[in-house]
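The values are calculated or read from the model by the stated rules, or taken from the named source; none is laboratory data. Note that this is a predicted model, so its numbers are computed, not measured. Here Cβ is always computed from backbone atoms with ideal geometry, including for glycine, and neighbour counts include all displayed protein chains. Just the protein is used for accessible areas: all its heavy atoms, side chains included, with ligands, DNA and RNA removed. Shrake-Rupley method; radii C 1.70, N 1.55, O 1.52, S 1.80 Å.
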Amino acid sequence: MADELKASGKAKARKFDDATVMFADFKNFTAAAELLSPEDLVSTIDEYYKLFDQIVTQAGVEKIKTVGDCYICVSGIPIPAHNSAELMLDVAKTFLREMEKLNTERQRASKVCFELRIGMHTGPVIAGVVGTRKFAYDIWGDTVNTAARMEQHSEAGKINLSGATFRHLGNPEYCSHRGKVSAKNKGEIDMYWFSGG
């Protein structure tokens, strides 16, 4: 894609049939942000995001972007992977584990700490680069929207999986079915808590 951009100034969008998108969002971020100076707020977010960047890089997962206090990444692109759900679940577990360690350090230093809520969904996505300035690799499609709903219906310190992601994981015993949950503009969706394993 980079070679295409260099050669022609544009790149062809590609469809990936089996990708897992994860949204990770800080709980009560707005309220906590009001207690911090702009400098401290940026410094705090930077500390968490650097940790997340390190984790996704080591896992071979693609960071898409951050939107405010939401971190978005995807597995199964740009190199397709039959185990995209497993890869992303490993990333989610590592996020929570390493964030707990970071929060312990921040508490000792009397710094503000955040809790993370995570949601993910598996399905097809379109990936590509749009615009003419500040090129950014991005993803689109219903899978992205559904992953966002999974995060919105998650809770602090938990991983909320869609039914599609659950099935891609092979219906693991360490997930508990929440039933069908009503999600904005999506109707009722099967959701599962990841509970260990």
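Considering only Gly170, Ile45, Gly76, whose Cα is most displaced toward the positive end of the charge dipole of the chain, charges sitting on Cβ of Lys, Arg (+1) and Asp, Glu (-1)?
Most positive-ward Cα: Gly76.
Say we join alpha carbon atoms closer than 10 Å with springs in a Gaussian network model of the chain; which of Ala19, Ala136, Ala164 then has the biggest fluctuation?
Per the Cα network of the chain with a 10 Å cutoff, Ala136 tops the list.
With every protein chain in place, what's the accessible area of Glu47 (1.4 Å probe, Å², nearest 10)?
Rounded to the nearest 10, that gives 70 Å².
Taking the convex hull of the Cα atoms, report for the chain its projected area averaged over all directions, in nm².
Result: 12.1 nm².
Could you work out [θ]222 nm for the chain from helices alone, using -39500 (n - 2.57) per DSSP H run of at least four and dividing by all its residues? Round to the nearest 500 deg cm²/dmol.
On the way: 6 runs with 76 residues, N = 197.
For the chain, the value works out to -12000 deg cm²/dmol.
Using modelled amide H (1.01 Å from N, peptide plane; none on Pro or chain starts), what sits under 5 Å from the amide H of Asp190, excluding residues fewer than 5 places away?
Under 5 Å from the amide H of Asp190 lie the amide H atoms of Gly163, Val181, each far enough along the sequence or on another chain.
If I stretch the segment between Asp142 and Ser176 completely, what's the gain in nm (0.36 nm per residue apart, minus their alpha carbon distance), one decimal?
Details: separation 34, 0.36 × 34 = 12.24 nm, distance 2.41 nm.
Value of the extension gain: 9.8 nm.
Taking Cα pairs under 8 Å and at least six residues apart, what relative contact order does region 34-120 come out at, in percent? It would help to have the intermediate numbers written out before the result.
Numbers: 56 pairs, mean separation 18.1, N = 87.
This gives 21 percent for region 34-120.
Would you mind counting up the charge near Ala183? Only other residues with Cβ under 14 Å from its Cβ, with Lys and Arg at +1 and Asp and Glu at -1. The partial results should precede the final answer.
Values: positive: Arg149, Arg178, Lys180, Lys184, Lys186; negative: Asp142, Glu151, Glu188, Asp190.
In short, +1.
Among Ala183, Cys113, Thr94, whose Cα lies farthest out toward the positive end of the dipole of the chain, if unit charges sit on the beta carbon of Lys, Arg (+1) and Asp, Glu (-1)?
Towards the positive end, the residue furthest out is Ala183.
Hey, what did the chain get for relative contact order, percent, Cα under 8 Å, at least 6 apart?
Rounded, it is 24 percent for the chain.
Within region 96-130, what residues put their amide N at less than 11 Å from the label point 7 Å along the Cα-to-Cβ vector of Asn28?
113-115
Could you give each residue of region 35-50 its phi-based ³J(HN,Hα) in whole Hz, using Karplus coefficients 6.51, -1.76, 1.60 with θ = phi - 60°, and x for Gly or Pro?
3J(HN,Hα) across region 35-50, in whole Hz: 8, 10, 6, x, 5, 5, 4, 5, 4, 5, 4, 4, 5, 5, 5, 4.
In a Debye calculation with equal point scatterers on the alpha-carbon sites of region 45-153 and no solvent, what is log10 I(q)/I(0) at q = 0.10, 0.12 Å⁻¹?
Treating every Cα as an identical point scatterer, log10 I(q)/I(0) equals -0.31, -0.45.
In debye, nearest 20: dipole of the chain around its Cα centre with unit charges on the Cβ of K, R (+) and D, E (-)? List each step's numbers first, then the result.
Values: 25 positive and 26 negative charges, 72 e Å.
In debye, rounded to 20, the chain gives about 340.
Using a 1.4 Å probe on the protein heavy atoms, what percent of the accessible area of the chain belongs to carbon and sulfur?
49 percent
In square angstrom, what is the accessible area per residue of the chain with a 1.4 angstrom probe?
Spelled out: the 1.4 Å probe surface of the chain, per residue, equals 54 Å².
For region 27-96, what ratio Rg/Rh do Cα atoms give with a Kirkwood hydrodynamic radius?
Here Rg/Rh amounts to 1.06.
Where does each of Glu39, Glu115 land when they are ordered by accessible area, with a 1.4 Å probe and the largest first?
Sorted descending by solvent-accessible area, the residues read Glu39, Glu115.
Please compute the contact order of region 133-197 in relative form: average sequence separation of alpha-carbon pairs under 8 Å and at least six residues apart, divided by the residue count, as a percent.
It comes to 30 percent, rounded to a whole number.
Label point 7 Å out from Gln152 along Cα-to-Cβ: which residues of region 176-195 have amide N under 16 Å?
181-191
Within the chain, what percent of beta bridges assigned by DSSP are antiparallel, to the nearest 5?
Details: 37 of 40 bridges.
Restricted to the chain, the bridges split so that about 90 percent are antiparallel.
Output wanted: per-residue J couplings in Hz (rounded whole) for region 147-154, from phi through Karplus 6.51 cos²θ - 1.76 cosθ + 1.60, θ = phi - 60°, x for Gly and Pro.
Listing the rounded values in order: 4, 4, 5, 4, 5, 4, 9, 8 Hz.
Tally Lys and Arg at +1 and Asp and Glu at -1 over the other residues with C-beta under 14 Å from the C-beta of Arg106: what net charge comes out?
Computed value for this residue: -3.
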